[in-house]
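These notes are about the structure you will find just below.
The values are calculated or read from the model by the stated rules, or taken from the named source; none is laboratory data. This is a predicted model, so every value here is computed, not measured. As a convention, Cβ positions derive from the backbone with ideal geometry for all residues, glycine included, and neighbour counts pool all protein chains shown.
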Ligand code: SAH
């Protein structure tokens, strides 16, 4: 039996048709799940007893179990336990424009980036659409808030869980469900080229962010092994095409690691490779971890790096920091739990 939160509106409608139910039943059920937020089929009191029985025998409605909740000034970190006892984490940030939630897309991650906690723990499995959707629903309930922005930047590589990611986006974007605007959704990838091309064809108006972290192949392959499969030149060519075909700007994420990728030379090289791409660069102060040797770049080097990019007329910001005190960087809370 599948969790009912796995189903896009169209998929649920199809399933209900198979159960000889009419279309308006799909609207009613979506309304109970996503607007009224009931937690059992029995609470859906405008459905017939017969239909409730059918739902119970065809779907589950399990929620996520909160295992830990850490709170800092404007960030909350949640650790959830899934039905198979795996753990995932979500980070809620209180921004000036509303609440933004960073969600996980996999249990662990196979990309093995050398600076990242999530990769140390290897992928166990993909998250289902329901496990992604429920991160939002549980947190809205716990905090009694409406989340306006979603970033798929937590544990996992979303493009390594592509089909579930697309269903997830469909559900949260649907006005009958969570109604989160496409432009308020950001997917972050390490650069899986075939999936970037597929994503481009969907023309979803969702923001795409790409973890770059190095301006040349040698260094990028050391930091991010995926670069050996999808090297920089090809990645940048794909992304340039993406911006032209979709008319959307791409965000490049660049973590600054002391003495590794943060020199003036790296900054200049970065400007050269980004020339002519409609983009925006997000410089990220590294969140250090006791298990990994990299250090955060010195403040003065971060500013110097920023200035060089700015002077080339490339849009650039230094990411506001959330939650370094509470292990809110990618994978850190889960890593504490598992190690
Ligand atoms: N796999 C996807 C999304 C998850 S990682 C991707 O690679 O984009 C989300 C972002 O957090 C990536 O840019 C990743 O490189 C970055 N990140 C990982 N560990 C970090 C740390 N300790 N400090 C700061 N950023 C980190």
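Taking segment 107-125 as the range and being more than 10 Å from the ligand (Cβ to nearest atom) and either under 13 Å from the mean Cα position of the chain (by Cα) or crowded, with 21+ Cβ neighbours inside 10 Å (or both) as the test, the residues that pass are 107, 108. Scanning segment 296-339 for residues that are within 11 Å of the ligand (Cβ to nearest atom) and at pLDDT 85 or above yields 296, 319. For segment 171-184, enumerate the residues that are part of a helix (DSSP H, G or I) and surrounded by 18 or more Cβ atoms within 10 Å (Cβ to Cβ). Across segment 171-184, the qualifying residues are 171, 172, 173, 184.
Residue 104 falls short of the stated requirement of being within 12 Å of the ligand (Cβ to nearest atom), part of a loop (DSSP other than H, G, I, E, B) and over 18 Å from the mean Cα position of the chain (by Cα). Of everything in segment 142-164 that is assigned to a helix (DSSP H, G or I) and within 11 Å of the ligand (Cβ to nearest atom), the residue that is surrounded by the most Cβ atoms within 10 Å (Cβ to Cβ) is 158. Note on segment 278-290: residues that are surrounded by 19 or more Cβ atoms within 10 Å (Cβ to Cβ) and more than 16 Å from the ligand (Cβ to nearest atom) amount to 0. From the set of residues in segment 78-101 that are in contact with a helix residue (DSSP H, G or I) (Cβ under 8 Å, 6 or more places away or on another chain) and within 14 Å of the ligand (Cβ to nearest atom), which is farthest from residue 181 (Cα to Cα)? For segment 78-101, the residue satisfying everything is 88.
Residue-wise test of (1) part of a helix (DSSP H, G or I); (2) at pLDDT below 95; (3) more than 16 Å from residue 209 (Cα to Cα).
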| site | (1), (2), (3) |
| --- | --- |
| 240 | yes, no, no |
| 259 | no, no, yes |
| 277 | no, no, no |
| 291 | no, yes, yes |
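Residues considered: 229, 206, 187. Of these, the only one that is within 16 Å of the ligand (Cβ to nearest atom) and surrounded by fewer than 16 Cβ atoms within 10 Å (Cβ to Cβ) is 229.
Looking at segment 190-203, which of its residues are more than 10 Å from the ligand (Cβ to nearest atom) and buried (at least 22 other Cβ atoms within 10 Å of the Cβ)? Answer for segment 190-203, where residues must be more than 10 Å from the ligand (Cβ to nearest atom) and buried (at least 22 other Cβ atoms within 10 Å of the Cβ): just 199. Entry remark, segment 298-318: residues being surrounded by fewer than 17 Cβ atoms within 10 Å (Cβ to Cβ) and outside any strand (DSSP E or B) number 10 in total. In this entry, residue 134 is excluded by the filter for residues that are buried (at least 17 other Cβ atoms within 10 Å of the Cβ), within 13 Å of the ligand (Cβ to nearest atom) and in a helix (DSSP H, G or I).
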